[in-house]
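Worksheet for the structure shown next.
The values are calculated or read from the model by the stated rules, or taken from the named source; none is laboratory data. Since the model is a prediction, treat every value here as computed from it, not as a measurement. Positions of Cβ are generated from backbone atoms using ideal geometry, with glycine treated the same way; all protein chains shown enter the neighbour counts.
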Amino acid sequence: MTGTEPPSGGPTARRWIACADDFALDPGAVDGIVDLIERGRITATSALVDSPLWRSAAGALPSDVRPGARAALPSADVGLHLNLTQAFPARSMSVWPLGELLARCALGALPRAPVRDSIEHQLDAFEDAMGRRPDYVDGHQHVHQFAVVRDELVAALLRRYRADLPWLRSTRAPPTVRDFKARSIAALGDRRLRQLAASSNLATSAYLVGVYRFRADERAYWRRLRQWVRSGPDGTVLMSHPSTRAMPGDAIAVARTMEFATLASAPYGALLAEAMITLTTGSRLLSARTTPPTHATGVTAGR
């Protein structure tokens, strides 16, 4: 899917996916993300299925989203947050420090077998808890787009779900976003991922916003949020990492609670409404292939 640029003369109706990463990381992330789904403030969440909290967290999802739900228009997609860099207690799957993983991928020195095994294990864990395939796949620290990883991921999705494929999250920044970190993340493999997905009939989201340096500066975050709202075309994914409370040992804990407070606030809803942005799910947006709506209120439009 490609994005439609807002005209410079003023806002036009756009559909966005608001995505919360790190579901099941810890109790604060579970509580915050469930709360925001129920409020209609996020429409996708990416699960860390190696977390010991994963199965109970899946059961805590809103009734139209949780395992066994059969809602025609669920309020949120639930995806796999593919993890190759963060170890969890009592989990034996292969993980690498991010820097080492990047270097191995760039040099072609990452062994394929453990990557393949980890992908299959995580897809199994998702299905075991949810009773279905993930609605989409992205990556913890964006690993899903890395060389070797993207090949093994797409191959696994085709083996398992060829008749009903999930979508993939692109890390491409909108053309008007010049942020160095956002551009650097996309440079780690987004173009090749989108090319591979297109050749495999896998849908990808249009653009990604929400990248920043996790400084817990509420004023600066609001300034960035307004910039993202101005620049994000139709089909943009707004990434976040919300939590209701800071957990010991989490390097971005304070930023998580700041994000939760922002996304739960009335001004956030008003900002979307003023910009004529309607929140929807990627499953609905990427399967509809229709033109944007003629108006938007900033509330969830359904799946």
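Numbers at a glance
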quantity: Those residues of segment 130-155 which are closer than 30 Å to Ser63 by Cβ and either surrounded by fewer than 23 Cβ atoms within 10 Å (Cβ to Cβ) or touching a Pro at 6+ places or on another chain (Cβ under 9 Å) (or both), in sequence order; calculated: Met130, Gly131, Arg132, Arg133, Pro134, Asp135, Tyr136, Val137, His140
quantity: Matching residues in segment 227-258 - criterion: being over 21 Å from Thr45 (Cβ atoms) and surrounded by 22 or more Cβ atoms within 10 Å (Cβ to Cβ); calculated: Asp234
quantity: Test result for Gly282, at pLDDT below 90 and within 16 Å of Trp16 (Cβ to Cβ); calculated: no
quantity: Tally of residues being surrounded by 13 or more Cβ atoms within 10 Å (Cβ to Cβ), under 20 Å from Pro166 (Cβ atoms) and of a type in the set (A, V, I, L, M, F, W, C) across segment 187-225; calculated: 7
quantity: Residue check for Ile37: in contact with a Pro (Cβ under 7 Å, 6 or more places away or on another chain), not polar (S, T, N, Q) and not in a loop (DSSP other than H, G, I, E, B); calculated: yes
quantity: Residues satisfying the stated conditions in segment 159-170, i.e. of a type outside the set (Ser, Thr, Tyr) and either outside any loop (DSSP other than H, G, I, E, B) or loosely packed, with under 14 Cβ neighbours inside 10 Å (or both); calculated: Arg159, Arg160, Arg162, Ala163, Asp164, Trp167, Leu168
quantity: Residue satisfying all of: in segment 115-129; in contact with a Leu (Cβ under 7 Å, 6 or more places away or on another chain) and either in contact (Cβ under 8 Å) with a residue 60 or more places away in the chain or among the small types (Gly, Ala, Ser) (or both); surrounded by the most Cβ atoms within 10 Å (Cβ to Cβ) among these; calculated: Gln122
quantity: Unmet criterion (only one of (1) out of contact with any strand residue (DSSP E or B) (no Cβ under 8 Å at 6 or more places or on another chain); (2) surrounded by 23 or more Cβ atoms within 10 Å (Cβ to Cβ); (3) of a type outside the set (Asp, Glu); (4) without any contact (Cβ under 8 Å) to a residue 40 or more places away in the chain) for Pro74; calculated: (4)
quantity: Qualifying residue in segment 204-216 (condition: more than 20 Å from the chain's Cα centre (by Cα) and of a type outside the set (Lys, Arg)); calculated: yes
